[in-house]
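Only the coordinates and a few stated rules stand behind these numbers; no lab work does. A quick note: this is a predicted structure, and the numbers were derived from the prediction, not measured. We place every Cβ from the backbone using ideal geometry, glycine too, and count neighbours over all the protein chains shown.
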Amino acid sequence: MSRLMRSSQPDLHRREQGSTVSQLERGSCTPAARAVDLSMTYGKGDAVVRALDGVSVEFKRGAFTAVMGPSGSGKSTLMHCLAGLDAPTAGRAFVGDQEIERLDDAGLTALRRDQIGFVFQSFNLVPTLTAGENITLPVDLAGAEIDRGWFDYLVEALGIADRLSHRPSEMSGGQQQRVACARALIRRPELIFADEPTGNLDSSSSAELLEFLRRSVSEHGQSIVMVTHDPRGAAYADRVVFLADGRVVGELASPTADVVVAQMMKLGG
Ligand code: ADP
């Protein structure tokens with residue numbers, strides 16, 4: 001509980017006291033997340049769909065990684081397995097040095113609550129709560145204290161400070177998306193998965209959100225894995241991992257939009 005009582009300075013959680021720091025220090029060489037020969041099949045017999053087909057990939061701590069690939073290539077399934085939202089059919093998924101499969105229900109709940117932020121494609125906001133209440137929901141559920149300085153920083157940086165008393169139905173898709181981002185970040189999880197976080201935004205809001213995510217990595221030491229279809233969005237990342245047919249088929253370091261487009265054409269995406 002006390003590890004959420006942070007200074008009003010919206011600053012590095014790497015410098016904080018307590019368990020988060022020791023976890024980070026202990027695991028500083030460990031990737032933020034990794035998949036080892038991860039497979040996921042849906043259905044049986046002729047109807048079987050191999051959503052992931054032996055994926056091994058590492059996502060570095062303190063890095064911004066984009067995941068790209070054609071629709072149906074397994075991007076969301078990979079993120080869901082790594083976030084402990086889906087159980088793979090085979091293989092192993094790790095967050096830090098914790099193997100997800102080995103966690104019991106309470107451990108899995110704590111992992112998802114304390115260490116992972118997830119921005120869903122469909123926002124998953126609670127319709128009866130205001131934007132402000134949606135953002136603080138993970139803190140309230142954890143029975144923790146809200147860090148007002150961090151809350152204020154997030155809503156300012158995401159441009160939703162004047163929307164906090166609105167319910168989701170009273171907000172645009174872009175505003176809801178930004179509320180969903182603030183909610184994912186409110187507990188300063190070390191690892192954030194974002195499934196097409198700019199999918200509902202116009203190009204200027206999209207650039208603002210991507211710059212915000214970039215700063216979360218560069219200035220706040222967050223680790224982000226983001227699914228995107230947009231080569232310009234991928235160019236904000238440190239690295240792009242390409243999936244096709246449930247497999248990793250390529251990757252790029254320090255991507256530019258042009259190089260991403262060229263790579264997508266090469267891969268037939
Ligand atoms: P992407 O995110 O790259 O679009 P997904 O991970 O959503 O791909 O899906 C990969 C494949 O798995 C697709 O063929 C999709 O139809 C299938 N799939 C995903 N979820 C389910 C499910 N719950 N039941 C059956 N098939 C699924």
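Descriptive notes on the structure:
- Phi to ³J(HN,Hα) by Karplus 6.51 cos²θ - 1.76 cosθ + 1.60 over segment 102-119, Hz, x for Gly, Pro: 7, 7, 7, 4, 5, x, 5, 4, 5, 4, 5, 6, 9, 10, 10, x, 10, 9
- Kirkwood estimate for segment 125-188, i.e. one over the average of 1/r between Cα atoms, Å: 11.4 Å
- DSSP beta bridges fully contained in the chain are about 55 percent antiparallel.
- When ASP97, ASP238 are arranged by Cβ crowding within 10 Å, least crowded first, meaning fewest neighbours, the order is ASP97, ASP238.
- Its Cα gyration tensor gives segment 125-269 an equivalent ellipsoid; the semi-axes, largest first and in whole Å, are 30, 16, 14.
- Charge context of SER206, other residues only, Cβ under 10 angstrom, K/R +1, D/E -1: -3
- In percent, rounded to a whole number, the relative contact order of segment 125-188 is 54, using alpha-carbon pairs under 8 Å and six or more apart.
- The calculated 222 nm mean residue ellipticity attributable to helices in the chain amounts to -10000 deg cm²/dmol, summing -39500 (n - 2.57) over DSSP H runs of n ≥ 4 and dividing by all residues.
- Kirkwood hydrodynamic radius over Cα pairs of the chain, then Stokes diffusion coefficient at 25 °C and 0.890 mPa s, in µm²/s: 130 µm²/s
- Note that segment 73-166 shows a convex hull volume over its alpha carbon atoms of 141 Å³ per residue.
- Across the chain, the relative contact order, built from alpha-carbon pairs under 8 Å that are at least six residues apart, equals 26 percent.
- Around the amide H of ASP86, modelled in the peptide plane, lie the amide H atoms of CYS81, all under 5 Å away and 5 or more residues distant in sequence or on another chain.
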